[in-house]
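Quick notes on the structure that follows.
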Amino acid sequence: MIDAVGPAVDGGRRPVKRVVGEPVEVEATVYADGHDRLYVAVAHQPPGARGWAVVPMASTNPGLDRWAASFVPGEVGLHRYRVLAWVDHVGSWLDGTQRKLDAGVDVSSELLAGAALLEALAPKVAKTERPALAALAGRLREGDAAAVADPTLLPLAHGGLKAADAEVSRPTLEADVEPERALFNAWYELFPRSWSTKGPGHHGTLADVAAQLDYVASMGFDILYLPPVHPIGRSFRKGPDNSETAGPDDPGSPWAIGGPEGGHTAVHPQLGTVDDVADLVAKAAQQGLDLALDLAFQCSPDHPWVTEHPEWFRHRPDGTIQYAENPPKKYQDIYPLDFECDAWRELWDALLDVALFWARRGVRIFRVDNPHTKPFAFWEWFIAEVRVRYPEAMFLSEAFSRPEIMHRLAKVGFTLSYSYFPWRQTKAELTEYFTELSTPPGVDQFRPSAWPNTPDILTFQLQGAPRTLFASRAFLAATLCPSWGVYGPAFELADNVDAANGKEEYGASEKYEIRDWDRNDPASLRELLGELNRIRTDHLALRTLRTLRFHHADNDALLVYSKTPYAGPSVDPARPHQASILVVANLDAAWTQGGFLDLDLAALGVDPARPYTAHDVLADRTFTWEGSHVYVELHPDEQPGHVLRITQE
């Protein structure tokens with residue numbers, strides 16, 4: 001009997017998520033009637049392979065019949081795996097015979113029975129192994145009891161077990177394996193029109209962004225994300241702070257896509273050209289950056305599709321096209337597409353062509369606007385079609401919606417998703433939420449990305465907040481989650497001015513106007529963000545969510561957690577800093593906080609009988625500790641927390 005095979009998502013109907021080099025740790029409950037021993041293995045198959053590799057499973061809890069083993073996927077694609085189990089007749093014979101030998105019982109008959117078992121297996125083992133198997137069988141027939149203890153006997157016998165004779169778990173499970181960048185990444189969002197090299201009052205271009213990539217790269221970010229770069233409609237254009245009246249020079253919202261210059265495959269003339277996008281991709285790569293573009297599948301009233309394909313839009317009874325609404329908000333400058341219209345096939349194909357258009361120009365990462373308002377079936381088809389052509393393509397879901405909807409989007413193909421991090425602020429909230437994210441089933445199906453802010457979100461916590469609170473939120477996002485991001489320069493400059501409308505919105509929102517940012521402000525958090533990204537890059541433990549463990553502190557203003565490298569055989573021992581990381585975060589951005597920690601030393605890999613070293617890689621300070629009970633004190637004006645590399649000689 002093979003039951004409870006995992007990891008599995010929706011009983012195996014959906015693949016689990018992994019990246020190259022991230023182990024798939026398979027567990028199963030396997031048992032049989034009687035007292036025979038079992039031999040259990042995981043069979044796994046890389047994409048495109050015809051054969052299966054077999055890894056023996058070990059019994060982890062005999063009383064509960066639990067077995068476990070792991071394999072490490074080494075390439076991108078859909079990997080398959082299943083559990084095989086046999087009654088281990090040779091192992092059962094060996095176990096019984098050894099017990100009789102230990103008790104001093106005559107085993108003459110047992111030795112003959114063992115010889116017969118090995119001789120029956122001979123045709124099934126590899127030809128190169130048959131002489132050794134025959135020699136062992138001969139020794140048993142001659143009454144050589146020492147052959148029972150020969151360490152090669154059981155492995156030779158197991159080599160004769162064939163998959164055709166095994167019980168096989170059903171269904172065959174799958175792991176969707178993506179590049180490591182899908183799990184471990186740091187995003188930086190900017191509006192190109194605010195990055196002019198000519199100074200205030202000028203509209204920035206893609207070429208201006210290309211000329212200033214060193215600013216983003218210097219902070220250690222590896223994904224540069226741009227809001228829509230397409231022509232912006234003139235009809236019903238929004239003015240500053242989403243006002244319904246725009247002046248002649250107001251640039252409008254980039255999400256009101258489309259104008260006489262073109263639609264989703266065109267570039268706003270003031271930003272540049274399609275060739276400038278390709279050039280930015282190439283220049284970003286030289287700085288270690290991937291370029292991500294926004295996929296916002298909606299149109300302004302001036303989009304060419306409105307006149308060319310009116311059937312792709314939802315109409316009111318009077319025949320006019322329905323604009324977007326989120327009562328009481330009205331978005332007269334945006335027409336939603338009707339994904340379930342009669343011409344849905346043509347619409348879906350056109351949207352696929354948009355993604356492929358940009359992919360052909362080097363873009364492999366897309367941030368998707370409001371995917372939860374479009375059909376799940378569309379995304380499942382769309383993402384699969386893109387990844388057939390570009391297997392390394394990544395999709396970030398911007399769905400601040402209900403948990404089941406966010407998880408369903410992950411199941412149908414989204415690489416990762418924005419999370420509830422902006423609104424998880426207390427020790428209890430952060431502990432509960434990230435425990436859920438870091439344990440099955442969530443960790444196998446949903447990859448969160450932690451962003452303290454976005455152009456749409458200035459949380460009440462950050463409104464009017466001091467610089468130290470922005471530092472605290474960056475510290476938490478970067479160390480809790482393998483994927484994080486900021487909307488800048490608003491974040492590093494600690495823009496805390498809200499729209500004064502009782503909502504979590506920026507005042508003078510960059511969504512509706514060009515901003516002049518003083519990126520050389522000495523109060524900028526630029527240096528801290530760079531240090532956090534450097535630490536993340538240098539420490540394997542911070543590249544995973546799976547080993548996150550929370551530790552006790554007697555002060556609710558201190559959040560304490562650790563991570564260890566989630567390392568498989570593919571991890572290069574020469575890579576730096578494979579030590580455990582212990583993080584102590586001060587959640588109070590105003591006052592010094594101290595307290596005693598009760599550390600789970602086993603989770604840190606520390607021998608409690610010996611001293612150990614805790615080196616703060618953020619402040620470059622070293623502490624020598626003994627035991628699990630230690631005291632820490634943090635001053636928010638000095639640093640938001642400790643990032644401690646734990647070592648023990």
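The values are calculated or read from the model by the stated rules, or taken from the named source; none is laboratory data. Fair warning: this is a prediction, and the values are worked out from it, not measured in the lab. Cβ placement follows ideal geometry from the backbone for every residue including glycine, while neighbour counts extend to all protein chains displayed. In case anyone asks, the SASA skips ligands and DNA or RNA and just uses the protein heavy atoms, side chains included. Shrake-Rupley method; radii C 1.70, N 1.55, O 1.52, S 1.80 Å.
Quick check: is even one residue across region 537-544 over 30 Å from residue 196 (Cα atoms), free of Cβ contacts under 8 Å to residues at least 60 places away in the same chain and open to solvent by 10 Å² or more (accessible area, probe 1.4 Å)? Yes - at least one qualifying residue is present in region 537-544. With respect to the stated conditions, residue 490 fails to be more than 18 Å from residue 184 (Cα to Cα) and part of a helix (DSSP H, G or I). For region 297-312, a residue qualifies if it is open to solvent by less than 20 Å² (accessible area, probe 1.4 Å) and in contact with a Ser or Thr (Cβ under 7 Å, 6 or more places away or on another chain), and exactly one does: 300. Every listed requirement among (1) open to solvent by less than 20 Å² (accessible area, probe 1.4 Å); (2) in contact with a Ser or Thr (Cβ under 9 Å, 6 or more places away or on another chain) is met by residue 225 save one, (2).
If the condition is being of a type outside the set (D, E, K, R), in contact with a helix residue (DSSP H, G or I) (Cβ under 9 Å, 6 or more places away or on another chain) and open to solvent by 10 Å² or more (accessible area, probe 1.4 Å), then region 174-191 contributes 183, 184. What about residue 468, is it within 23 Å of residue 534 (Cα to Cα), assigned to a helix (DSSP H, G or I) and open to solvent by 10 Å² or more (accessible area, probe 1.4 Å)? When the stated conditions are applied, residue 468 passes them. Within region 626-637, the only residue that satisfies the criterion of being part of a loop (DSSP other than H, G, I, E, B), under 20 Å from residue 581 (Cβ atoms) and under 33 Å from the mean Cα position of the chain (by Cα) is 628. Scoring residue 615 on the criteria (1) open to solvent by less than 20 Å² (accessible area, probe 1.4 Å); (2) in a strand (DSSP E or B); (3) of a type outside the set (Ser, Thr, Tyr) leaves a single failure, condition (1). Does region 261-270 contain any residue that is among the small types (Gly, Ala, Ser), crowded, with 16+ Cβ neighbours inside 10 Å and under 30 Å from the mean Cα position of the chain (by Cα)? Within region 261-270 (the criterion being among the small types (Gly, Ala, Ser), crowded, with 16+ Cβ neighbours inside 10 Å and under 30 Å from the mean Cα position of the chain (by Cα)), the answer is no, since none of the residues qualifies. Please find, among 463, 445, the residue that is at pLDDT 95 or above, of a type outside the set (A, V, I, L, M, F, W, C) and more than 18 Å from residue 399 (Cα to Cα). Exactly one of 463, 445 is at pLDDT 95 or above, of a type outside the set (A, V, I, L, M, F, W, C) and more than 18 Å from residue 399 (Cα to Cα), namely 463. With respect to residue 509, is the statement that it is in contact with a helix residue (DSSP H, G or I) (Cβ under 7 Å, 6 or more places away or on another chain), over 27 Å from residue 489 (Cα atoms), small (Gly, Ala, Ser) and in contact (Cβ under 8 Å) with a residue 12 or more places away in the chain true? It is false that residue 509 is in contact with a helix residue (DSSP H, G or I) (Cβ under 7 Å, 6 or more places away or on another chain), over 27 Å from residue 489 (Cα atoms), small (Gly, Ala, Ser) and in contact (Cβ under 8 Å) with a residue 12 or more places away in the chain.
Taken across region 576-585, residues that are free of Cβ contacts under 8 Å to residues at least 24 places away in the same chain and either among the small types (Gly, Ala, Ser) or surrounded by fewer than 20 Cβ atoms within 10 Å (Cβ to Cβ) (or both) do not occur at all.
For residue 474, indicate whether it is of a type in the set (A, V, I, L, M), at pLDDT 95 or above and not in a loop (DSSP other than H, G, I, E, B). Yes.
Looking only at region 1-54, residues that are assigned to a loop (DSSP other than H, G, I, E, B) and crowded, with 20+ Cβ neighbours inside 10 Å come to 5 in all. Residues considered: 438, 401. Of these, the only one that is crowded, with 19+ Cβ neighbours inside 10 Å and touching a residue at least 12 places away in the same chain (Cβ under 8 Å) is 438.
Residues are listed down the side, and each one gets a yes or a no for (1) acidic (Asp, Glu); (2) free of Cβ contacts under 8 Å to residues at least 12 places away in the same chain; (3) within 15 Å of residue 93 (Cβ to Cβ):
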{"position": "117", "(1), (2), (3)": "no, no, yes"}
{"position": "127", "(1), (2), (3)": "no, yes, no"}
{"position": "140", "(1), (2), (3)": "no, no, yes"}
{"position": "143", "(1), (2), (3)": "no, no, no"}
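Each residue in region 417-435 was checked for being open to solvent by 10 Å² or more (accessible area, probe 1.4 Å), in contact (Cβ under 8 Å) with a residue 24 or more places away in the chain and closer than 20 Å to residue 183 by Cα, and 1 pass. Can you tell me which residues in region 443-465 are under 13 Å from the mean Cα position of the chain (by Cα), part of a strand (DSSP E or B) and polar (S, T, N, Q)? Across region 443-465, the qualifying residue is only 449. Condition test on residue 564, is it open to solvent by 20 Å² or more (accessible area, probe 1.4 Å), over 30 Å from residue 442 (Cα atoms) and of a type outside the set (A, V, I, L, M, F, W, C)? The answer is no for residue 564. Candidates 392, 385: the one that is among the charged types (D, E, K, R) and touching a Pro at 6+ places or on another chain (Cβ under 7 Å) is 392. Screening the candidates 214, 208 for the property of being out of contact with any Asp or Glu (no Cβ under 8 Å at 6 or more places or on another chain), open to solvent by less than 30 Å² (accessible area, probe 1.4 Å) and in a helix (DSSP H, G or I) yields one hit, 208.
Per the listing 288, 272, 247, the residue uniquely in a loop (DSSP other than H, G, I, E, B) and either over 25 Å from residue 513 (Cβ atoms) or of a type in the set (Lys, Arg) (or both) is 288.
Note on region 337-352: residues that are assigned to a helix (DSSP H, G or I) and aliphatic (A, V, I, L, M) total 4. Just the residues that are crowded, with 23+ Cβ neighbours inside 10 Å, touching a Ser or Thr at 6+ places or on another chain (Cβ under 7 Å) and closer than 17 Å to residue 456 by Cβ, please, taken from region 228-257. Of everything in region 228-257, those that are crowded, with 23+ Cβ neighbours inside 10 Å, touching a Ser or Thr at 6+ places or on another chain (Cβ under 7 Å) and closer than 17 Å to residue 456 by Cβ turn out to be 238, 256, 257. Has region 90-104 got any residue that is open to solvent by 30 Å² or more (accessible area, probe 1.4 Å) and outside any helix (DSSP H, G or I)? Within region 90-104, one or more residues are open to solvent by 30 Å² or more (accessible area, probe 1.4 Å) and outside any helix (DSSP H, G or I). Checking each residue in region 217-231 for being more than 30 Å from residue 303 (Cβ to Cβ) and assigned to a loop (DSSP other than H, G, I, E, B) picks out 219, 220, 221, 222. For region 56-80, how many residues are surrounded by 15 or more Cβ atoms within 10 Å (Cβ to Cβ) and out of contact with any Pro (no Cβ under 9 Å at 6 or more places or on another chain)? The number of residues fulfilling the criteria is 6.
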